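Before any comments, here is the structure.
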Amino acid sequence: MRYFSAITSLILLNILTVLFLLYLGNVSRDIEKQNYTLEKKINFINDQISINEIELNLYTSYEYLKKLHKIYFDNEQSESFSSKRLSFKDIQKDNLENIYTVGTR
């Protein structure tokens, strides 16, 4: 009889330990699911950012713009296109006329 109380207390302790571990496993699984969805969202956003950076570099490239200009305009105009390109020093002058600025949002 003296071992009966020790055995029952150990069995009870084991049952409580199993229940506690099942609870922790359930909580950690929920956290793992949330982390997986967040990781998918982060990867999607990173892919979009890298695509946008590639597009930005492509569309702001002066050589790319010259190629587009050659495709859609005459050769005579494309030669004068490079001579009409302004530098920052030219923009600082006050006597510029017929200059249009383009901005982005």
Work out how much length Tyr72 to Thr60 would gain on full extension: take 0.36 nm times their residue separation and subtract the Cα-Cα distance, in nm to one decimal. 2.6 nm
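What is the sum of charges around Ile45, taking Lys and Arg as +1, Asp and Glu as -1, for the other residues whose C-beta is under 13 Å from the C-beta of Ile45? Please list the in-between numbers first.
On the way: positive: Lys40, Lys41; negative: Glu39, Asp47, Glu53.
Spelling it out: positives minus negatives among the neighbours equals -1.
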So Leu21 and Ile42, fully extended at 0.36 nm per residue minus their Cα-Cα distance, gain in nm 4.5 nm
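How big is the charge dipole of region 2-63 about its Cα centre, in debye rounded to the nearest 20, if each Lys and Arg gets +1 on its Cβ and each Asp and Glu gets -1 on its Cβ?
Values: 5 positive and 7 negative charges, 160 e Å.
Result for region 2-63 is approximately 760 debye, rounded to the nearest 20.
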Using +1 at the C-beta of Lys and Arg and -1 at the C-beta of Asp and Glu, which of Phe44, Ile7, Leu22 has the Cα lying farthest in the positive direction of the dipole of region 1-52? Ile7
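Read-outs throughout are calculated quantities, based only on the coordinates presented, and are distinct from any laboratory measurement. Note that the structure is predicted; figures quoted are calculated from it, not measured. Cβ: placed from backbone, ideal geometry, glycine included. Neighbour counts: every protein chain shown.
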